[in-house]
Amino acid sequence: MQIALNEAELALQEGEIPVGAVVVRNGSILAQEHNRKEQHSDASAHAEVLAIRMAGKKLNTWRLDGASLYVTTEPCMMCWGAILEARIGRVVYGTPSNSSIKHFSFEQYSLPSLHHIQVIGGVAEEEARNLIQDFFRKLRKNTKQRRGGRVDEGVRLETGNPSAKDGSGVRIPPSPKKAR
């Protein structure tokens with residue numbers, strides 16, 4: 001987990017959300033990565049997905065049977081999909097996700113296809129949580145400064161309309177009129 005935390009620190013230095021991941025099999029590190037969404041301009045460039053891709057390339061197979069994935073934050077739904085597809089046998093994560101976007105929580109589901117994965121949470125939880133919280137605290141502070149001291153609640157798009165009727169700040173185009 002310490003290597004995953006080191007990767008998360010690298011992500012932080014690069015202005016990315018500080019999440020790190022390491023794929024290990026038979027005691028050997030196959031891959032280590034961190035979030036690179038901003039760097040790659042790719043919404044799927046999560047640490048887990050990048051590490052799984054790298055491990056697959058190293059072994060020349062997408063099947064990572066018997067591998068363990070160490071990740072600093074609980075994987076999101078997309079990452080769980082990649083974990084399942086890669087047939088990873090164990091996931092060890094640091095802190096649960098607190099994202100406003102509802103994440104898939106392994107423990108909430110009882111699907112036969114998931115039972116082969118051993119999940120261990122809370123490893124180095126405090127250190128992983130502090131990295132994430134510090135990142136978002138600084139992000140909110142910078143956002144507040146850019147908005148002249150105003151902090152908006154909810155989702156706001158840069159191109160959104162702050163006076164939208166639904167309060168979201170997202171401009172919603174009018175429904176097209178039906179032809180008569």
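Summary of computed values
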read-out	value
Those helices (runs of 4 or more DSSP H) lying entirely in region 21-87 with at least 1 residues farther than 26 Å from Arg129 by Cβ	47-59, 77-86
Leading residue by the ranking (nearest to Val123 (Cα to Cα)) among those in region 1-20 that are part of a loop (DSSP other than H, G, I, E, B) and among the acidic types (Asp, Glu)	Glu16
Residues (in contact (Cβ under 8 Å) with a residue 40 or more places away in the chain, over 16 Å from Ser68 (Cα atoms) and open to solvent by 10 Å² or more (accessible area, probe 1.4 Å)) located in region 1-18	Glu7, Glu9, Leu12, Ile17
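The values are calculated or read from the model by the stated rules, or taken from the named source; none is laboratory data. The model shown is predicted, which means the values in this text are computed figures rather than measured ones. Backbone-built Cβ (ideal geometry, glycine too); neighbour counts: all protein chains shown. With ligands, DNA and RNA removed, areas are computed over all heavy atoms of the protein, side chains included. Shrake-Rupley method; radii C 1.70, N 1.55, O 1.52, S 1.80 Å.
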